[in-house]
Every structure is written in structure tokens, then in C-alpha cells.
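What follows is a single structure, written as C-alpha cells, with notes after it.
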């Protein structure tokens, strides 16, 4: 199984808020720069907010 950042299992990753998923991926890949577009504004790490753009909510 391929681990994703600090998550131990795929289930942990899938259950995490999207902000934590993105942060974990950034920590793993270490890009020079990045930007996240997301309608889920809750649970984003404070250190990532300068890279986050809140989009309108999607209605399912």
C-alpha cells in the first residue's frame, strides 16, 4: 500500500478533511509553489491559508 503523507492507511486519508489531504500531499511532494481551490473551507491548516482559494459550494 502506498502511504500518503502522514496518513497510515487509505481509509485515514479518505476520512480526512480535504485541507488536510492537500497539506499532506504538499508535505510529501514538496512542490516549489502550489494553489488549492476548494469549496470545503473548514479544517484547513492555518499555514496553508495563503495558498487556498475558497470556491462556491457545490450542490449535489
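The values are calculated or read from the model by the stated rules, or taken from the named source; none is laboratory data. If you're wondering where the values come from, they're calculated on a predicted model, not measured in any experiment. Glycine also receives a Cβ, built like all others from the backbone with ideal geometry; neighbour counts cover every protein chain displayed.
Just one of the numbered conditions (1) loosely packed, with under 10 Cβ neighbours inside 10 Å; (2) modelled with pLDDT under 90; (3) in contact with a strand residue (DSSP E or B) (Cβ under 8 Å, 6 or more places away or on another chain) is not true of residue 59: (3). Residues of the stretch 27-46 that are touching a residue at least 24 places away in the same chain (Cβ under 8 Å) and part of a helix (DSSP H, G or I): 28 alone. Across the stretch 1-8, not a single residue is classified as part of a loop (DSSP other than H, G, I, E, B) and within 10 Å of the chain's Cα centre (by Cα). The requirement of being on the phi > 0 side of the Ramachandran plot, surrounded by 10 or more Cβ atoms within 10 Å (Cβ to Cβ) and at pLDDT below 85 is fulfilled somewhere in the stretch 1-8, by at least one residue.
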